[in-house]
């Protein structure tokens, strides 16, 4: 899907949106208003970026669009990379910074959606809904298909990453869980305690939690942090939920832990490769998978597009960004 790039007038700056989720640029055109921009829509491959972004002042990109150092160096006119989403692990931020190219994201557009989705996965797995659904679809009508189910109010919830989404998930889960823990090296203990959540170390959280919800960004620090060693610290009734980034979990280690009964179940909205092809974690009764949909609602999609376009508009008008990407910390 590549937009028709027309000849620009002398004063127009080119802005290209690389996103397969949308069909037109009505929302973006509304944001830019009377500003002289050549606004076009393109696909999400490296080739799309190198071809259609050659003369771009600004690019707006989805999570699937790769912006490594060599792509940045090929875009001579580029002044801003606006990530249409929260995570920015597909952008070489250091390479952009070396060329004084602004990188922004939209960290606040889907806080309610992702936290609700995480809690939905938790509740579905605690009550064994995937098993009941599959068994009844096969003709069974037996309450014992879902055993054993533990009482939710007596379980402990552990939140890894206590940023905007992790903290909101913890607050939404407060009526359900007797005890809530959180581990985040970048958030002050007093901030965590203010939500009546106990701050703990990562290994302590793994050992004490019955349900673990993952909310860190993908960094070198967090990549593969849930590995064989981490699973070994969990108990055999642990439910693991991930709505952050797929690479935070070592997926082979997760499959092994499920096979060996090291943990009980997993809820995944993200995978290391998306879409996954014939992955061993799919179609298991102890794994509930959704297609990287936690961010979505009709409202959040509009807020996302407006937020990314406004960052480009600020750059065009020599205004400071609202959400500059500085360092890949646990935000």
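Read-outs: derived from the displayed coordinates by stated rules, not from any lab. It should be emphasised that the depicted structure is a prediction, and the values quoted were computed from it without experimental measurement. Virtual Cβ from ideal backbone geometry, glycine too; neighbours counted across all protein chains shown.
Just a few scattered comments:
- Residue of 314, 306, 168 that the Gaussian network model of the chain assigns the largest fluctuation, springs spanning Cα pairs under 10 Å: 314
- The gain in end-to-end length when the residue 36 to residue 178 segment is fully stretched comes to 45.5 nm, 0.36 nm per residue minus the alpha carbon separation.
- With the helix formula -39500 (n - 2.57) applied to DSSP H stretches of n ≥ 4, the chain reaches a computed 222 nm mean residue ellipticity of -9000 deg cm²/dmol.
- If you plug the beta carbon distance of residue 189 and residue 322 into 1/(1 + (r/R0)^6) with R0 = 41 Å, you get a FRET efficiency near 0.90.
- In the chain, the longest principal axis of the Cα atoms and the axis of helix 111-126 are about 30 degrees apart.
- Between residue 221 and residue 26, full extension at 0.36 nm per residue minus the direct alpha carbon distance yields a gain of 66.3 nm.
- C-alpha center-to-center spacing [the stretch 126-153, the stretch 179-242] in angstrom: 27 Å
- Solvent-free Debye scattering, log10 I(q)/I(0), computed from the Cα coordinates of the chain at q = 0.14 Å⁻¹: -1.07
- Computing FRET efficiency as 1/(1 + (r/R0)^6) for residue 228 and residue 284, where r is the C-beta to C-beta distance and R0 is 22 Å, gives about 0.75.
- Neighbour-count ranking [beta-carbon atoms within 10 angstrom, fewest first] of 296, 109: 296, 109
- Taking 7 Å steps out from each Cα toward its Cβ at residue 299 and residue 204 produces label points 3.7 nm apart.
- In the frame of its principal axes, the stretch 224-331 has Cα extents of 58, 29, 23 Å, reported largest first.
- Equivalent ellipsoid semi-axes, the stretch 108-265, via Cα gyration tensor eigenvalues times 5, rooted, Å: 26, 18, 15
- Dimensionless Rg ratio for the stretch 274-331, taking C-alpha atoms and the 2.2 N^0.38 Å reference: 1.73
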